[in-house]
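Report on the following structure.
The values are calculated or read from the model by the stated rules, or taken from the named source; none is laboratory data. Everything numeric in this text was worked out from a predicted model, so none of it was measured. Cβ coordinates were reconstructed from backbone atoms using ideal geometry, including for glycine residues, and neighbour counts include every protein chain displayed. Only protein heavy atoms, including side chains, enter the accessible area calculation; ligands, DNA and RNA are left aside. Shrake-Rupley method; radii C 1.70, N 1.55, O 1.52, S 1.80 Å.
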Amino acid sequence: MREIQLSHGGGGVEMNQLINQLFFRHFGNEILLRGEDAALLPVSGPIAFTTDSFTVSPLFFEGGDIGKLAIAGTVNDLAMMGAKPEYLSAGFIIEEGFPYADLARIVESMAAELAKSGARIVCGDTKVVPKGAADKIFINTSGVGTFPLPEQSRGISVRNIKAGDAILVSRDIGSHGACILMARDALQLGSDLKSDCTTLWPQVEALLQAGITPHALRDATRGGLAAVLNEWSTASGVAIELEESAIPVCDPVRGLCELYGFEPHDLANEGTMVLALPAEQAQDALGILRQFNPAASQIGVVQASDRHKVILNNPWGSRRYLELPQGELLPRIC
């Protein structure tokens, strides 16, 4: 099998071969292998549920690929509610002629990323469309999570941020957006920069097990840090004041932003979270986060204000609003 053909989505012999030899081989578990029309999930109590679609271009980039991105993106959305990722669905829309070796590489990457959280793919779907009807491959994943530590998870919401809270980031920002930009044919630059794409549940779990009680968590994907903080400010009716010098930005990202006129706060991330939590817990939280990445930092504080804005203080004493990003910085970053 060298290429995906229309027959691989037709429900016959070829489709069964694809499912059994590739998807079941890498995703196999007792729920998926039952082969039912719907997965029966043994859950009780409240659950978290999310869905996302992934169309990144290029499909393979430094630090990841569309498969790793699809798993990490959905798992992270669950983790940002304090939910342990448990069950995922995976839907594939594949263009006729797509190389089987590339599909296998993507599926293997998905399986490896699933292992980081212990989540399982329990149902899925495959569609093959004629050449030209899609751009290589699109993946949709939905996820269900449970709450093993409900006391610590309770109250995590964009509407629960309070004056006096500390604002933290789990690592340096902008690596994914910058990596995708560099991977585009017209913007090839010499750099060892890799996407931050990864599963965040191990970090969230460590925080919750240590008794940290976040008021809000968010993975800073499209729109980056600026989008997250502006959404928080509006939803909770507060002002957020940042120290620009405290925001970690690695040298390759900073250099690319200076070269092309971008703001690192606007660039997408796929393995970086923003946290709002009580100020007295900030140092303990940073101690845990720095076990995963030494660049974790406190970057600001929440203030009571009638102006629900994000304010950026620079090292030279001036202040400006950090606004929501406008326009299209990068096509298809996730």
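Accessible area of PHE98 (1.4 Å probe, protein heavy atoms only, ligands and nucleic acids ignored): about 10 Å². Here the accessible area of the chain is 49 percent carbon and sulfur, with a 1.4 angstrom probe and all protein chains present.
When restricted to Cα atoms, the range 150-269 yields an Rg and a Dmax of 15.9, 50 Å, respectively.
Once R0 is set to 56 Å, what does the formula 1/(1 + (r/R0)^6) return for the Cβ-Cβ distance between ASP306 and VAL13, expressed as a FRET efficiency to the nearest 0.05? The value I calculate is 0.25.
Candidates CYS334, THR50, ILE161 compared by Cα position along the dipole of the chain: farthest toward the positive end lies ILE161, with charges placed on Cβ. Rounded to the nearest 10 degrees, the inclination of helix 66-79 to the longest alpha-carbon principal axis of the chain is 50 degrees.
For the range 1-66, the solvent-accessible area works out to 61 Å² per residue, with a probe of 1.4 Å and every protein chain left in place.
If you sort LYS116, LYS131 by accessible surface, 1.4 Å probe, largest first, the order is LYS131, LYS116.
Here the translational diffusion coefficient of the range 207-334 follows from Stokes-Einstein with Rh set to the Kirkwood radius across Cα pairs; for 25 °C and 0.890 mPa s it amounts to 158 µm²/s.
The charge dipole of the chain, taken about its Cα centre with unit charges on the Cβ of Lys, Arg, Asp and Glu (plus for the first two, minus for the last two), comes to roughly 260 debye. Within the range 58-195, the percentage of alpha carbon pairs spaced more than 23 angstrom apart rounds to 49%.
Rounded to the nearest 500, the 222 nm mean residue ellipticity of the chain from helices alone is -8000 deg cm²/dmol, with -39,500 (n - 2.57) taken per DSSP H run of at least 4 residues.
Net charge in the neighbourhood of ILE299 (other residues with Cβ under 13 Å of its Cβ; Lys, Arg +1, Asp, Glu -1) is -4. Residues of the range 268-300 falling in the label zone of LEU149, defined by backbone nitrogen less than 17 Å from a point 7 Å along Cα to beta-carbon, are 273-293. Surface listing: GLU14, GLU113, GLU241 arranged by accessible area from highest to lowest gives GLU14, GLU241, GLU113, probe 1.4 Å.
Note that the range 158-168 has calculated 3J(HN,Hα) couplings of 5, 9, 10, 6, 10, 4, x, 4, 8, 10, 10 Hz, one per residue in order, obtained from phi through the Karplus relation 6.51 cos²θ - 1.76 cosθ + 1.60 (θ = phi - 60°); glycine and proline are x. Charge dipole of the range 235-297 (Cα centre as origin; +1 on each Lys and Arg Cβ, -1 on each Asp and Glu Cβ, all else neutral): 180 debye, rounded to the nearest 20.
Against the criterion of solvent-accessible heavy-atom surface with a 1.4 angstrom probe, LYS194, LYS84 sort, most first, into LYS194, LYS84. Share of pairwise Cα-Cα distances greater than 18 Å in the range 206-249 is 42 percent (whole percent). Size of the range 1-111 from its Cα atoms: along the principal axes, largest to smallest, the extents are 44, 36, 18 Å. So which lysines pass the test for LYS309, namely a Cα distance under 20 Å, with those fewer than 8 places away in the same chain ruled out? Correct list for LYS309: LYS162.
Here the 3J(HN,Hα) profile of the range 145-157, calculated from phi with Karplus coefficients 6.51, -1.76 and 1.60 at θ = phi - 60°, is x, 10, 10, x, 10, x, 5, 6, 7, 4, x, 6, 6 Hz, Gly and Pro shown as x.
Placing R0 at 25 angstrom, the Cβ-Cβ distance between ALA104 and ALA38 gives a FRET efficiency of 0.40 after rounding to 0.05. Between GLN283 and LYS131, take the C-beta separation as r, use R0 = 45 Å, and let me know the FRET efficiency to the nearest 0.05. After rounding to 0.05, the efficiency reads 0.20. Across the range 247-259, rounded Karplus estimates of 3J(HN,Hα) from the backbone phi angles (6.51 cos²θ - 1.76 cosθ + 1.60, θ = phi - 60°) give 7, x, 9, 6, 4, x, 5, 4, x, 5, 5, 5, 6 Hz, Gly and Pro being marked x. Both numbers refer to the Cα atoms of the range 124-204; Rg and Dmax are 19.4, 56 Å.
Normalised by the number of residues in the range 145-304, the mean separation of alpha-carbon contacts (under 8 Å, six or more apart) gives a relative contact order of 46 percent.
P(r) tail, the chain: Cα-Cα pairs separated by more than 27 Å, 47% of all pairs.
Annotation: amide H of GLN303 within the under-5 Å range of GLY164, ALA239, ILE240, GLU241, sequence separation 5 or more or interchain, hydrogens built in the peptide plane.
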